[in-house]
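Heads up, the thing below is written out as structure tokens.
Every number here is computed from the coordinates shown, using simple stated rules; none is lab data. All figures in this text were calculated on a predicted structure; none of them were measured in a lab. As a convention, Cβ positions derive from the backbone with ideal geometry for all residues, glycine included, and neighbour counts pool all protein chains shown.
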Amino acid sequence: MDKKSFLYISLLFALFFFLPGLQAREKTFTVVIDAGHGGKDPGARGANINEKEINLAVALKLGRLIESNAEDVRVIYTRKTDRFIELDERANIANRNKADLFISIHTNAVKRGSSVQGTETYTLGLARSEENLEVAMSENSAILLEDNYQQRYEGFDPNSSESYIIFEFMQNKHMEQSISLASEIQKSFGVRKRVDRGVRQAGFLVLRKTSMPSVLVELGYISNRQEEKFMGSAAGQNKLAEALYDAFSKYKKNYDRRKGDVSGSATIAVANVVEESPVMKSSKTPPPGSEADILSKKRQPTRQKTTASSTPSVNRNTKGKVIYKVQFLTSDKKLPANSRLFKGYKNVDFYVEKGIYKYTYGETTDFNSIRKMRRTVARDFKDAFIVAFKDGKKVKY
């Protein structure tokens with residue numbers, strides 16, 4: 001064999017064995033897409049379609065968009081067909097696969113009236129409004145179809161508001177990333193002229209055991225005939241999936257930037273996301289029940305000065321008196337004073353309870369004053385509520 005033939009064969013050998021490996025990008029990021037309900041659990045019922053069908057169609061479309069455009073992302077589905085899967089098992093699928101992200105897709109409904117519409121995205125936490133609690137109760141009721149659900153969920157009753165107290169201490173270490181993704185999702189929906197009902201918190205069993213950033217998306221209201229028609233159509237499902245993909249793409253780019261690998265991000269965005277949704281631009285306050293744009297607002301209002309410390313601050317002339325504050329956020333870690341989660345609020349205070357950092361704003365002995373302050377804070381944090389302290393200890397009021 002002459003030298004030229006040897007080089008030719010060597011080149012073919014190299015192309016055959018090594019080129020596929022160079023072309024196939026390593027899967028360095030795993031996202032689990034969870035289509036809510038399924039099988040014997042139809043979810044919310046519409047006039048012509050059930051929730052489980054909408055959820056699955058959008059989940060599969062979202063997965064295909066990611067698989068087509070993000071070569072380094074591995075997509076795993078909790079279900080790809082019409083089958084029933086326990087809520088805990090959905091989280092277990094994500095944990096077993098060491099997922100980097102968990103997106104649970106659902107469709108909302110209201111018992112009374114048919115005019116409610118729009119999208120909302122939830123992170124794990126204690127619901128501070130009846131509306132958020134009702135959504136969690138509706139989604140969690142799926143466990144009633146599971147065998148031995150009382151043992152599996154340690155006596156949790158999805159229809160009892162008392163059972164949801166446990167979620168006050170369940171915000172995990174991925175809360176900030178979860179809120180970041182939720183905010184991107186809502187902004188992306190807003191770009192596509194969907195009504196933005198904001199980023200919210202509630203106690204969802206499907207999110208409670210995930211060990212990665214996780215969100216639960218409500219695509220719209222199947223109890224609204226117009227929204228049901230939109231979500232039941234291929235065009236509507238494509239639009240919803242594209243919005244979710246666009247938000248995922250932005251989240252992934254930020255993830256890669258933090259990891260120092262900008263080149264690994266998803267490369268094709270379906271649409272550009274503006275700073276605020278149309279709904280937010282048309283109103284000075286967020287929609288009812290909303291914690292919209294938690295990470296993106298740039299306001300820097302002048303606030304009453306308080307002292308940040310690990311225990312509530314007490315002025316000398318208020319010793320022995322009850323001091324009221326507005327609690328608006330919790331975290332399992334101490335947040336920096338300039339955290340974007342504070343949405344521009346300065347001189348935020350905090351206290352620690354059972355290992356959870358609980359952030360407050362304002363300080364007064366006048367209950368009427370704190371009520372007015374809570375209403376102000378609730379414009380940015382719908383679930384804000386009043387807490388009371390006496391001589392540095394939390395008390396009931």
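Quick notes on this one:
- Projected label points at A47 and N92, each 7 Å from Cα along the beta carbon direction, are separated by 4.1 nanometres.
- Compared with the alpha-carbon gap, the fully stretched path from A337 to K394 is longer by 18.3 nm at 0.36 nm per residue.
- Each of V395, V215, V387, V326 was scored by other Cβ atoms within 10 Å of its Cβ. Listed from fewest to most, they are V395, V387, V326, V215.
- Packing rank of 78-91, 46-59, where each peptide gets the mean count of other beta carbons within 10 Å, highest leading: 46-59, 78-91
- Structural size metrics of the range 316-395, computed from C-alpha coordinates, are Rg and Dmax of 12.4, 35 Å.
- Rounded to 0.05, the FRET efficiency of the K346 and E134 pair, given R0 = 25 Å and the Cβ-Cβ distance, is 0.15.
- Label sites at E154 and R64, each approximated as a point 7 angstrom past Cα along Cα to Cβ, lie 4.1 nm apart.
- Total formal charge among the other residues, if their Cβ is under 10 angstrom from that of L145, Lys/Arg +1 and Asp/Glu -1: -3
- Here the residues F189, F204, ranked from fewest to most Cβ neighbours within 10 Å of their Cβ, fall in the order F204, F189.
- Computed over all pairs of different Cα atoms, the Kirkwood value for the hydrodynamic radius of the range 23-281 is 18.3 Å.
- Ranked for footprinting exposure by Cβ neighbours inside 10 Å, fewest first, E242, E218 give E242, E218.
- Scattering profile of the range 27-71 at q = 0.20, 0.33 Å⁻¹ [log10 I(q)/I(0), Debye over alpha-carbon scatterers]: -0.67, -1.16
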